[in-house]
Amino acid sequence: MRPNNDLISWLNYHRAIGASHFFVVFDAKDIPSEVLHRYRRMRDVDVYTSAQTDFWRNKSEIIGLERMQKHVKNPVCGVDRVFVQQALNVEFIIHEILAGSVRGLKNIDWLIHIDADELIYPAELKSDFDISHLLATIPNFVGRVVFPNYEAVPERLNNLDPFVDVTLFRRSYKHLDAGLYSKYRDASKRDNPNYFLGYSNGKSAARVLDDLRPVGVHNFEHIRSRHLKEITLNESVILHYGFADYSRVLGRFAQCDCPPEFTQKCKRLPFDLELARKYDEATYATSSKKEELQKWYEARVVVSAESTYMVKFLKLGMLTRINLPSVLIQQLRSTSCGVILSILLHFASR
């Protein structure tokens, strides 16, 4: 995450659903002392900076792998730099866990890597809406658990707090009937390149064993424990809010660290690339171009409550309404965690 992001709601939500420890890596050269202090005083949070994890590159076992080479080649900037940095972050943290360097923790059973614009939604029937309970039900022969991702669909252009304001989601194709998905996929894209605007391959949790290492930033592997299987969950998902607020999406382009001659490396996914071209056109253009960009984004991303699109795809099950994270986060801000957990269990049992 970047130092200007506020993780408090994100942390409190994941505490309420049973996460026991957090590893936060700030991606910046200089971190304001008050930001570091805010998180370092939390007993269940360990804070690192990319400067701390950069040195790990010389000890890394994954940096030389063939799958990493296309991202490592110079110039390392944009999505390639972030991909490499995040993979190194995860590898470094696994090393810290296995070395016993995490304060106050003797053992960590499972590890998952998600971003600051994502929430875990542990909705399996036996989970009690608790991530630790869910993972405790996983058979011993399973080493990795895939959480498919659902993509947040905004119903207005700007949302002050997407975790609270956005409750509509596009379901993963992994949770859809194959025939239905094949029939309606193109109609659901709304002239966009793909069914999802962002990534669609989900994210994995992995058992922490001494042969664990990351596969990029979405998955893991156990390099010696070949007998361990991987399963995909039927109900539990990662809720991804990557395109849920117009102003924040545009802000991502201003943060790209690539020089002008390599701006194509700032984004890789088809929708992002298309948006980047329109953003570049509007940046130094008249206000009419900026209005044009906004209207284009609204037409491609935002779904109005009255639209036939909303009615049709909710009925088909390709869109779904998930309110619990919004309710929980609002309640966490106004009452004690004990009361919240009882509310949470009530919702989860319905």
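The values are calculated or read from the model by the stated rules, or taken from the named source; none is laboratory data. In this text the structure is predicted, and so the values were computed from the model without any measurement. Backbone-built Cβ (ideal geometry, glycine too); neighbour counts: all protein chains shown.
Exactly one of these conditions fails for N89: (1) modelled with pLDDT under 90; (2) under 28 Å from S127 (Cβ atoms); (3) in a helix (DSSP H, G or I). Give me its number.
Of (1) modelled with pLDDT under 90; (2) under 28 Å from S127 (Cβ atoms); (3) in a helix (DSSP H, G or I), only one is false for N89: (1).
Only one of (1) at pLDDT 95 or above; (2) touching a Lys or Arg at 6+ places or on another chain (Cβ under 6 Å); (3) of a type in the set (G, A, S) fails for G317. Which number is that?
So the condition that G317 fails would be (2).
In segment 91-121, what residues are without any contact (Cβ under 8 Å) to a residue 12 or more places away in the chain and among the aliphatic types (A, V, I, L, M)?
A99
Which one of F55, F83 is among the aromatic types (F, W, Y) and over 23 Å from P148 (Cα atoms)? Outline the logic, then answer.
On the way: F83 fails: over 23 Å from P148 (Cα atoms).
One residue alone meets the criteria, F55.
Anything in segment 1-33 that is surrounded by fewer than 17 Cβ atoms within 10 Å (Cβ to Cβ) and hydroxyl-bearing (S, T, Y)? List them, or say none.
Of everything in segment 1-33, those that are surrounded by fewer than 17 Cβ atoms within 10 Å (Cβ to Cβ) and hydroxyl-bearing (S, T, Y) turn out to be S20, S33.
Counting only residues that are in a loop (DSSP other than H, G, I, E, B), in contact (Cβ under 8 Å) with a residue 40 or more places away in the chain and in contact with a strand residue (DSSP E or B) (Cβ under 7 Å, 6 or more places away or on another chain), which one in segment 37-67 is surrounded by the fewest Cβ atoms within 10 Å (Cβ to Cβ)?
Taking segment 37-67 first, the residues in a loop (DSSP other than H, G, I, E, B) are 41-44, 59-65.
Filter again for in contact (Cβ under 8 Å) with a residue 40 or more places away in the chain, leaving 43, 61-62.
Of the ones still in play, those that are also in contact with a strand residue (DSSP E or B) (Cβ under 7 Å, 6 or more places away or on another chain) are 61-62.
Details: E61: 10, I62: 18.
So the residue we want is E61.
Is it fair to say Y184 is buried (at least 16 other Cβ atoms within 10 Å of the Cβ) and under 21 Å from the mean Cα position of the chain (by Cα)?
Numbers: buried (at least 16 other Cβ atoms within 10 Å of the Cβ): yes; under 21 Å from the mean Cα position of the chain (by Cα): no.
Against the criterion (buried (at least 16 other Cβ atoms within 10 Å of the Cβ) and under 21 Å from the mean Cα position of the chain (by Cα)), Y184 does not qualify.
Of a type outside the set (F, W, Y) and over 16 Å from the mean Cα position of the chain (by Cα): does that describe L209? Outline the logic, then answer.
Working: of a type outside the set (F, W, Y): yes; over 16 Å from the mean Cα position of the chain (by Cα): yes.
When the stated conditions are applied, L209 passes them.
Checking the conditions here, which among A305, A299, A282 is farther than 29 Å from L7 by Cα, in a helix (DSSP H, G or I) and in contact (Cβ under 8 Å) with a residue 60 or more places away in the chain?
A299
Give the residue that is surrounded by the most Cβ atoms within 10 Å (Cβ to Cβ), with candidates limited to residues of segment 212-248 that are part of a loop (DSSP other than H, G, I, E, B) and more than 18 Å from the chain's Cα centre (by Cα).
Only one residue tops the list, namely L228.
List the strands (runs of 3 or more DSSP E) inside segment 100-148, counting only whole elements, that have at least 2 residues being within 21 Å of N12 (Cα to Cα).
Working: elements: 110-112, 118-121, 142-147.
The strands (runs of 3 or more DSSP E) meeting that bar are 110-112, 118-121.
May I ask you to list pairs of residues, at least six apart or on different chains, whose Cβ atoms are under 8 Å apart, with the first in segment 1-23 being touching a residue at least 60 places away in the same chain (Cβ under 8 Å) and the second being in a helix (DSSP H, G or I) and among the aromatic types (F, W, Y)?
Qualifying pairs under 8 Å: L7/Y39; S9/F163; W10/F163; Y13/F163.
Report yes if F313 is touching a residue at least 12 places away in the same chain (Cβ under 8 Å), assigned to a helix (DSSP H, G or I), in contact with a strand residue (DSSP E or B) (Cβ under 9 Å, 6 or more places away or on another chain) and not aliphatic (A, V, I, L, M), otherwise no.
On the way: touching a residue at least 12 places away in the same chain (Cβ under 8 Å): yes; assigned to a helix (DSSP H, G or I): yes; in contact with a strand residue (DSSP E or B) (Cβ under 9 Å, 6 or more places away or on another chain): yes; not aliphatic (A, V, I, L, M): yes.
It is true that F313 is touching a residue at least 12 places away in the same chain (Cβ under 8 Å), assigned to a helix (DSSP H, G or I), in contact with a strand residue (DSSP E or B) (Cβ under 9 Å, 6 or more places away or on another chain) and not aliphatic (A, V, I, L, M).
Output the residue which, of all residues in segment 303-325 that are touching a helix residue (DSSP H, G or I) at 6+ places or on another chain (Cβ under 8 Å) and buried (at least 17 other Cβ atoms within 10 Å of the Cβ), is farthest from N158 (Cα to Cα).
L316
When residues of segment 151-174 are filtered for being outside any loop (DSSP other than H, G, I, E, B) and out of contact with any Leu (no Cβ under 7 Å at 6 or more places or on another chain), how many remain?
5
Is there a residue being of a type in the set (G, A, S) and either surrounded by 16 or more Cβ atoms within 10 Å (Cβ to Cβ) or in contact with a Pro (Cβ under 6 Å, 6 or more places away or on another chain) (or both) anywhere in segment 254-262?
Of all residues in segment 254-262, those of a type in the set (G, A, S) come to 254.
Filter again for either surrounded by 16 or more Cβ atoms within 10 Å (Cβ to Cβ) or in contact with a Pro (Cβ under 6 Å, 6 or more places away or on another chain) (or both), leaving none.
The answer is no, given that none of the residues of segment 254-262 is of a type in the set (G, A, S) and either surrounded by 16 or more Cβ atoms within 10 Å (Cβ to Cβ) or in contact with a Pro (Cβ under 6 Å, 6 or more places away or on another chain) (or both).
Identify the single condition in (1) touching a Phe, Trp or Tyr at 6+ places or on another chain (Cβ under 8 Å); (2) in contact (Cβ under 8 Å) with a residue 40 or more places away in the chain that E124 does not satisfy, given that it satisfies every other one.
(1)
State yes or no: is I63 within 23 Å of the chain's Cα centre (by Cα), at pLDDT 90 or above and β-branched (V, I, T)?
On the way: within 23 Å of the chain's Cα centre (by Cα): yes; at pLDDT 90 or above: no; β-branched (V, I, T): yes.
The answer is no for I63.
Check Q294, Q264 and return the single one that is assigned to a helix (DSSP H, G or I) and closer than 28 Å to G202 by Cβ.
Working: Q294 fails: closer than 28 Å to G202 by Cβ.
Q264 is the lone residue from the list that is assigned to a helix (DSSP H, G or I) and closer than 28 Å to G202 by Cβ.
Go through segment 188-214 residue by residue and tally those that are basic (K, R) and closer than 18 Å to V146 by Cβ.
3
Determine which member of the set K290, K312 is at pLDDT 95 or above, over 30 Å from G18 (Cα atoms) and not aromatic (F, W, Y). Full working, then the answer.
Working: K290 fails: at pLDDT 95 or above.
None of the other options fit; the residue is K312.
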